[in-house]
Each structure stands twice: as C-alpha cells, then as structure tokens.
Amino acid sequence: MSETTIALVTGANKGIGYEIAAGLGARGWKVGVGARDDARREAAVEKLRADGVDAFGVPLDVTDDASVAAAAQLLEEQGGLDVLVNNAGITGGMPQEPTAVAIETMREAVEVNVFGVVRVINAMLPLLRQSASPRIVNMSSSVGSLARQSSTDDALTVGPVAAAYSPSKTYLNAVTVQYARELQDTNILINLGCPGFVATDLNGFRGVRTPEEGARIAISLATLPDDGPTGGYFEEAGAIPW
C-alpha cells in the first residue's frame, strides 16, 4: 500500500460526489474520480488537478462486473485503497406512487443504489483490508428512514412518495448494517451518510443545500478516527433513526 491515503469516490464527476472528491483531495489525499462518462470524468479530474488535488480518473459503471473489476485493478496499480465512498446513485425519475410505478423503475433503482454498492465494496475489500485505517462510506438519504417515513409529513424530511428511490435507500441501510456485523472484528469502519436535501440534477436543483454542504457528512465519515463508529446512519446533525 502507498503511504499516501488513497480514496475512491463513485459518481464523482459532478455534484456531491465531486465535492467529496475535492474535500478529500484538499486534505492531501490521492483521489480516484469514479464515473461512467469518459468526457465528464476527465473534465472533473482536470478541474480537481487545477485546484491542486492529486486526482486520477477511474472508469466505473457500478452495474457492470467487468467495469468494477477493472477499477479495482486500476486502484491496485495506483497504490491501493484506504477509503471508499459509494456515492453513485439514481432516483429512477418521478413520480413514483406505488400504485403506478413501473416494476422496472424499482428494479433499476435497486440495481444501482444497492447491488452497485455491494458489487463495488466486494471488489475493493481485498485492497481495503491492506490499509491501516480503512473506511467505507455509503451515501444514503434520510428518506430511507422508516421511522421518519412513518412519523412525519414534512416534505423536506421524507421527500415525495417514492416507491423506488426511498425503499432502495432503506435496503442500502439494511445491507450496510450486515456489512458492519460481518466486519466488526476488522479495522474497517463502514457507515451511512445523508447529505441532506442538496440542489443537484438528481432533484432538478430543488434542494436547499449546496453540494459542498452535502459533502460534509461523507468527508466526516471518511476521516473517522480508528475508534470511530461503525454501522451507523448519520446526517450532519447527528444520528438518523432507522
């Protein structure tokens, strides 16, 4: 493993993912910019480098086994991996009333938001296990909280009715807890982070927080001390009820 801390951020060519990469890079870390689109990925890398970040591009489609395996190989060639931030995700498009949503829309949301995360984690674990202080951050959302979904009508808290997106985040939360249980006797800390309602193209820029603000929770969880929490579900204000 390299003496330099190396991070991979998926979906890092824009929005929250880009700001996570920028924030980790500002700490002197080497940052892999994971993204499917070649032109957007390389543009993001160039912009980060112009700002002094030691960035490199990682071609990555989280829904494709071969792409993820190739990304793991690239990370090994770059010196290894210390921190993985699974930021790539989709909403599946709105509206998503459960009485009308297409099953395929639900399937696509789970394929990217859950199976994609599992695929990337499992491919990167051999590298993470070689790190002195490995961290995994899965970007979730407060809309995945069943406690909040069932106890409030505050739209800023629970979002719109979304039978594909919200349950995909609940599923991600549950899977992350299982990872934390399996990895509890290792030095790998894995947690869930909610960026809040951020203005990105994912929601038509209707959010009330900036991408920089949304990135803070991921940066915090990526830089936890060795005695930090694992298996938790957090936003900037603290723990989120399950």
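Quick note: the coordinates plus some simple rules give every number you see, no bench work behind them. These figures come from a predicted structure and were not determined experimentally. Don't worry about glycine lacking a Cβ; one is built from the backbone with ideal geometry, like all the others, and counts go over all protein chains shown.
Points worth noting:
- Fraction of alpha-carbon pairs over 17 Å apart in the range 1-126 - percent: 56
- The chain, relative contact order [Cα under 8 Å, separation at least 6], %: 19
- Rg/Rh for the chain, where both radii come from Cα atoms and Rh is the Kirkwood radius: 0.94
- Cα-based reach from Lys47 at 26 Å (exclusive), listing lysines while leaving out same-chain residues under 8 positions away: Lys14, Lys30
- Between 0 and 90°, nearest 10: helix 38-50 axis offset from the chain longest Cα axis: 60
- Placing +1 on each Lys and Arg Cβ and -1 on each Asp and Glu Cβ, with no other charges, gives the range 6-239 a dipole about its Cα centre of roughly 180 debye.
- Rounded to 10°, Cα long-axis angle of helix 116-128 versus longest principal axis of the chain: 30
- Using a simple spin-label model with pseudo-atoms 7 Å out from Cα toward Cβ, Ala39 and Ala239 lie 4.7 nm apart.
- Potential lengthening between Ala100 and Glu77 on full extension [0.36 nm per residue; Cα-Cα distance subtracted]: 3.6 nm
- As a proxy for reagent exposure, ranking Val9, Val198, Val175, Val83 by other Cβ atoms within 10 Å from fewest up yields Val175, Val198, Val83, Val9.
- Averaged over residues, the count of other Cβ atoms within 10 Å places the peptides 67-77, 128-138 in the sequence 128-138, 67-77, highest first.
- Mean Cβ count within 10 Å, highest first, over the residues of peptides 21-31, 176-186: 21-31, 176-186
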